[in-house]
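Comments concern the structure below.
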Amino acid sequence: MKKLHLACLFLGTLILAAACKRDTDFNYYYYEPADFALLSQYLNLPDRPENYQSTLPKHLQSLGLAARPVDYDKATLGRVLFYDKNLSKDGTISCASCHKQELAFSDDKKVSAGVFGLTGDRNSIALGSVLSFSAYYGTDLFGPSGVPFFWDNRANTAAEQNLASMTNPNEMGMSHTDIVNAVQTQPYYEPLFRMAFGSNQVTQARVSEAIAEFVNGIGSYKSKFDSEAEKTLGYNTYSNLERNNFSGFSAAENRGKLIYLDNCASCHSPLQGRPEKMKANNGLDAATVDAGVGGVTNQANDMAQFKVPTLRNIELTGPYMHDGRFATLEEVVEHYSTGIQNHPNLSPELKYGYQPKKLNFSAQDKSDLVAFLKTLTDQELRTDKRYANPFK
């Protein structure tokens, strides 16, 4: 019996050792050596995919928000596609051209430049304004409650969104066939597609899926505001503790936080989680200049309504509004203080009866509100290597 026990122990040790060695080999040879050598000629990728999973802070989890699982291989492929200028008609534009990491994946132009010097119609929405697309964006992940994409909410999924941008003649100017041909031409994609999809077959749907997976892997929830909210609120987000002073905030930041909660949070979210509204008119003009959501739905009450973003990283993402009309945060605050126009679809939160609100912030109020908005900046997002340009 003792010999049998020793034999079993020895066999178990061998199996464990083999498993450990196999795990070591797997870690070291995640990519086949020849594949990794090929990738390394063109790309600065680690020998294993980065971890793109997000764990949200407690004050956001308690709102029912959780980042859905992300496939690391698809996200790695999507990262390369996101930065690849070969996916544009003239080879000069990538997704990252209009969504720059150092600017929280926004653009510093009123309207971004596309292929052949053409320009788009609206300001590029900052991807970094969203804490995690996989937490509440897309009907593919969240059904009818999923937040749609674009200023006019016309795309239901991240895949639809990136395909629309790639095929827009003023942006990347590609056809479905162009996209497939451009990817098939580049040698570095074969091993990446094989790891992501089990075969090296390139399709437009796979390209869009991979880019969407990368976008779903982007997370921004490490701002000064998040750190203080985590300490002060924890899981107690329904207790109005957010109105208490945050110990790590300056007096101006705490005053600005109260101004924000009283005047802005009913649309943009008290804790910078999911926006409270999917669309709104904020009184930029008294008459419809850009139909916005109404241009998609053809409904009169949707005219000049636009997506309501959260304000994460807003310090980095100017110029502001769907048309980029405001260059600074101070101009944005002044609009809400004295400049709201009485459009027929002006959101009720910005009205007193039938007239637009005149909040008439004092100079101190304006300064304090801007100070608070700057606490929403996530500096780590700007340099996180997982989201950086992988091309050499």
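The values are calculated or read from the model by the stated rules, or taken from the named source; none is laboratory data. Not measured: the values here are computed from a predicted model. Note: ideal-geometry Cβ built from the backbone for every residue, glycine included; neighbour counts use all protein chains shown.
List of remarks:
- All positions within segment 339-392 that are in contact with a Gly (Cβ under 9 Å, 6 or more places away or on another chain) and among the hydroxyl-bearing types (Ser, Thr, Tyr): Ser347, Ser367, Thr375, Tyr387
- Filter result for the condition that a residue is of a type in the set (Asp, Glu), assigned by TED's automatic domain parsing to the domain that holds Thr157 and either touching a residue at least 60 places away in the same chain (Cβ under 8 Å) or touching a helix residue (DSSP H, G or I) at 6+ places or on another chain (Cβ under 9 Å) (or both), over Glu213, Glu253: Glu213
- Filter pass, Leu87 being out of contact with any strand residue (DSSP E or B) (no Cβ under 7 Å at 6 or more places or on another chain) and at pLDDT below 95: no
- The single residue among Asn200, Asn162, Asn170, Asn153 that is assigned to a helix (DSSP H, G or I) and polar (S, T, N, Q) turns out to be Asn162.
- From the options Phe105, Phe82, Phe142, Phe133, residue that is in the same structural domain as Met195 (by TED's automatic domain parsing), at positive phi and within 17 Å of the chain's Cα centre (by Cα): Phe105
- For Val202, the conditions (1) among the hydrophobic types (A, V, I, L, M, F, W, C); (2) more than 25 Å from the chain's Cα centre (by Cα); (3) closer than 29 Å to Phe361 by Cα are fulfilled apart from (3).
- Within segment 249-263, restricting attention to residues that are touching an Asp or Glu at 6+ places or on another chain (Cβ under 8 Å) and assigned to a helix (DSSP H, G or I), the residue that is farthest from Pro275 (Cα to Cα) is Ala252.
- Taking each residue of segment 228-248 that is closer than 11 Å to Pro57 by Cα and looking for partners that are hydrophobic (A, V, I, L, M, F, W, C) and in a helix (DSSP H, G or I) with beta-carbon atoms closer than 6 Å, six or more apart or interchain, yields Leu233/Leu241.
- Neighbours by Cβ (under 9 Å, 6+ apart or cross-chain): first from segment 36-48, under 13 Å from Leu77 (Cβ atoms); second assigned to a loop (DSSP other than H, G, I, E, B) and of a type outside the set (A, V, I, L, M, F, W, C): Leu39/Tyr31; Leu39/Tyr188; Leu43/Tyr188; Leu43/Pro390; Leu43/Lys392; Leu45/Tyr31; Leu45/Pro390
- Failed condition for Gly294, given (1) out of contact with any Leu (no Cβ under 7 Å at 6 or more places or on another chain); (2) farther than 20 Å from His343 by Cβ; (3) surrounded by 15 or more Cβ atoms within 10 Å (Cβ to Cβ): (2)
- One residue from Ala135, Ala75, Ala96 being at pLDDT 95 or above, part of a helix (DSSP H, G or I) and touching a strand residue (DSSP E or B) at 6+ places or on another chain (Cβ under 9 Å): Ala135
- Filter result (over 27 Å from the mean Cα position of the chain (by Cα) and aliphatic (A, V, I, L, M)) within segment 360-386: Ala363
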